[in-house]
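S.K.: The structure is given below, and queries will be raised subsequently.
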Amino acid sequence: MASATAVSNGPTSGDVITEELDVLVVGAGFSGLYQLDRLRQMGFSVKAYEAAPALGGVWYWNCYPGARCDTHGPLYQFSREELWRDWDFDELYPSWDKLRAYFHHVDEKLGLSRDIRFNTRVTEARFDEAQRRWLVRTEDGRTARARYLVLCTGIGSKPHLPDIKGLGDFGGLVYHTAQWPQQGVDLAGQRVGVIGTGASGVQVIQELGPIVSHLTVFQRTPNLALPMRQRQLDAAAKRELKVGMKEKYAKRARTFGGYEYDFFDYAGASAEGLSPQQVQAMYEEYWAEGGFVPWLGNFAEIWTDEGRNLVAYEFWRDKVRQRIADPAVAEKLAPTVPPHPYGVKRMSLEQAYYEVFNQDNVRLVDLKETPIERVTAKGVLTADGREHELDALVLATGFDMVSGGLTAIDIKGTAGQTLREKWKPGVSAYLGSMTHGFPNMLFVYGPQAPSGLSNGPSCAELQGEEIAGLLKYMKDRGRTRIESTDQADKAWRERVDQYVETTLFVRADSWYMSANIPGKVRQMINYPAGIPDYLERWRESKAAGYAGFSIS
Ligand code: N01
């Protein structure tokens with residue numbers, strides 16, 4: 001057991017304790033704010049530490065051109081009626097600045113800011129076994145002490161800067177989408193290159209295509225993007241969207257991804273017994289609906305049945321190809337043979353992505369055919385000897401997803417091992433909320449929880465409620481130490497691994513499978529069996545007096 005070899009980890013002579021708390025929350029996005037609000041209500045002394053100067057998490061950092069939410073606005077909010085009752089977005093899929101305005105609205109209602117330390121990046125945490133408390137150090141040299149550490153660092157808080165030769169030699173400016181200058185960048189009329197065609201890449205490409213003088217898109221894997229069907233919302237549409245809101249929010253706990261619809265609702269759980277014509281007719285319906293419906297409203301078996309998956313892919317491919325003028329470009333963006341099964345990489349939503357490639361000023365470079373040799377002072381040199389001259393280079397290369405925000409902090413538990421070291425051979429986290437050797441440390445919307453396979457606010461609230469409930473349980477019984485058992489962690493990892501082996505997820509090099517970061521162990525990083533199953537596991541644990549945790 002870790003405690004047998006415990007290291008002291010107490011304060012050093014250099015530590016001046018600036019704050020004593022019951023709970024220190026890291027992060028002020030959806031998960032962190034939910035924790036802050038609920039734990040305050042439960043009578044804990046709690047503060048949230050946030051690296052940014054404002055609320056919003058990813059919506060503070062991701063302000064690149066075109067950044068907007070892939071979940072329809074009505075369900076991309078907290079479910080408390082006093083928060084949604086008098087809030088409306090003007091578009092179905094809100095942009096980053098409107099999401100910031102939403103967080104401002106939440107703050108005005110709940111007064112969260114008074115308990116948030118902004119511009120405060122947590123760099124280090126040590127569990128002091130003697131005190132049963134965490135010592136938490138920040139970049140600016142302060143130390144706080146808290147009984148519990150609740151990490152709400154989000155799934156996309158550690159940008160991935162690819163190791164491309166010569167990147168530092170580039171004479172123009174380089175921007176990662178998640179480190180975009182807050183004051184904006186005027187790229188109109190410039191020659192711009194974008195590396196990466198994930199959700200961020202799609203958005204920035206469709207936005208920049210019409211305004212730059214030349215756009216070069218460096219694509220490694222085509223994105224199977226779905227139509228967003230964005231629309232402006234007038235007063236009547238806003239009223240209409242609010243009808244049945246309470247039921248929609250309640251339903252999130254009963255659907256795979258925490259939306260108000262599920263596989264079953266649109267398609268019936270199975271395509272069994274349907275004729276090919278009936279399947280096509282359904283697919284037409286989903287396509288017209290847009291958003292994630294052709295994905296999370298599809299037949300559940302598209303994730304397990306190769307034949308059915310191919311039908312879904314071919315439908316998508318044929319729809320998309322109609323929009324691309326040049327057949328050679330169409331073959332690269334929507335290939336005849338699927339680059340990977342449909343829907344097993346995170347799907348993205350697009351508005352005019354495919355049309356952008358019909359513009360004369362846009363060139364698609366297939367990195368599978370002509371990989372990048374190096375970045376030069378003038379641009380990007382590819383293996384065919386061509387130097388793509390650029391004024392600016394955008395890295396839409398993603399993140400060390402889900403676990404990266406946690407392992408970026410130097411966290412040491414009871415065995416003297418850091419979290420980064422512990423998870424080097426792969427993540428194991430009981431209920432996606434705790435890991436053995438790190439007592440009194442919990443995480444929300446992190447590894448092996450529904451997280452990246454769910455609607456963020458839904459996971460923040462549903463998992464968040466379990467975490468808050470657990471801390472309340474501890475408080476009510478005068479308990480001061482909780483730790484998941486090694487056995488429970490391992491069993492949880494096995495459950496995730498075994499489940500995913502039955503699916504086609506394993507067939508793509510996705511961030512779901514942690515395959516986007518060189519050196520990261522390949523494993524499903526989210527809980528893949530859906531929210532209802534996940535909540536059932538919590539219920540089981542609670543019914544047995546929080547089985548899987550050792551509490552003292
Ligand atoms: O990152 P990604 P993202 N050389 O990892 C390519 C959420 N999100 O920022 O596919 C060349 O998906 C990489 O290629 P490949 C959402 O959950 C949400 O776009 O690995 N290319 C890929 O094309 C999303 O899924 C929203 O072959 C390289 C791209 O870079 C998640 O965040 C908006 C490369 C990275 O795509 C991440 O999205 C934005 C290299 N060395 C993000 N390294 C909304 O809700 C990587 N790539 C709208």
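Please treat every number below as a calculation from the coordinates, not as lab data. Quick caveat: nothing in here was measured; it's all calculated off a predicted structure. All Cβ positions, even for glycine, are placed from backbone atoms using ideal geometry, and neighbour counts span all protein chains on display.
S.K.: Quick check: residue separation of Thr370 and Lys542 times 0.36 nm, minus the Cα distance between them. What number comes out in nm?
M.R.: Gain on stretching Thr370 to Lys542: 56.5 nm.
S.K.: If you take the beta carbon distance between Glu19 and Gln183 as r and set R0 to 22 Å, what does 1/(1 + (r/R0)^6) give as a FRET efficiency, to the nearest 0.05?
M.R.: Working from the Cβ atoms, E equals 0.10.
S.K.: Helix 96-110: angle to the longest alpha-carbon principal axis of the chain, degrees 0 to 90, nearest 10?
M.R.: 30
S.K.: With an 8 Å cut-off on Cα pairs and a minimum separation of 6 or more residues, tell me the relative contact order of the chain in percent.
M.R.: Taking the mean separation of contacting Cα pairs over the length of the chain, I get 20 percent.
S.K.: Separate question: For Ala491 paired with Arg80, estimate the spin-label separation in nm (one decimal), with each label point 7 Å from Cα along the Cα-to-Cβ line.
M.R.: It is 3.6 nm.
S.K.: Of the listed pairs Lys158/Lys424; Lys158/Lys520; Lys246/Lys319; Lys332/Lys378; Lys47/Lys490, which have alpha-carbon separations greater than 24 Å here?
M.R.: Long pairs (Cα-Cα over 24 Å): Lys246/Lys319; Lys332/Lys378; Lys47/Lys490.
S.K.: Give the residues of the range 9-51 whose amide nitrogen is closer than 16 Å to a point set 7 Å from the Cα of His105 in the direction of its Cβ.
M.R.: Within reach of a label on His105, which here means backbone N under 16 Å from a point 7 Å along Cα→Cβ, the range 9-51 contributes 30.
S.K.: Say the dipole of the chain comes from +1 at the beta carbon of Lys and Arg and -1 at that of Asp and Glu; which of Gly519, Ser157, Ala51 then lies farthest toward its positive end?
M.R.: Of Gly519, Ser157, Ala51, it is Ala51.
S.K.: Please tell me the relative contact order of the range 451-552 in percent, rounded to the nearest whole number, where contacts are Cα pairs under 8 Å and at least six residues apart.
M.R.: Rounded, it is 39 percent for the range 451-552.
S.K.: Write out the trypsin sites (Lys or Arg not before Pro) in the range 37-134 meeting two conditions: DSSP loop, and at most 16 other Cβ atoms within 10 Å of their Cβ.
M.R.: Listed in order of number, the matching sites are Arg80, Arg85, Arg121, Arg132.
S.K.: So what's the convex hull volume per residue for the Cα atoms of the chain, in Å³?
M.R.: Dividing the Cα hull volume of the chain by its residue count gives 154 Å³.
S.K.: Residue separation times 0.36 nm, minus the C-alpha to C-alpha distance between Tyr473 and Asp326: what's the value?
M.R.: Stretched out fully, the Tyr473 to Asp326 stretch lengthens by 46.7 nm.
S.K.: Subtract the Cα-Cα distance of Ile211 and Leu161 from 0.36 nm times their separation in residues, and report this length gain in nm to one decimal.
M.R.: Going from the current span to full extension adds 15.5 nm.
S.K.: Another question, then. Quick check: the angle from helix 30-41's long axis to the longest principal axis of the chain, C-alpha only, nearest 10 degrees?
M.R.: 30
S.K.: Once R0 is set to 51 Å, what does the formula 1/(1 + (r/R0)^6) return for the Cβ-Cβ distance between Asp384 and Glu289, expressed as a FRET efficiency to the nearest 0.05?
M.R.: After rounding, the FRET efficiency stands at 0.80.
S.K.: Loop-only check: which trypsin sites (Lys or Arg not before Pro) in the range 228-331 are DSSP coil with at most 13 other Cβ within 10 angstrom?
M.R.: Arg231
S.K.: Applying 1/(1 + (r/R0)^6) with R0 = 25 Å to the Cβ-Cβ distance of Gln280 and Ala237, what FRET efficiency is obtained, to the nearest 0.05?
M.R.: My answer for the efficiency is 0.25.
S.K.: Which value, in debye to the nearest 20, describes the size of the charge dipole of the range 34-114 about its Cα centre when Lys and Arg Cβ atoms bear +1, Asp and Glu Cβ atoms bear -1, and nothing else is charged?
M.R.: Roughly 380 debye for the range 34-114.
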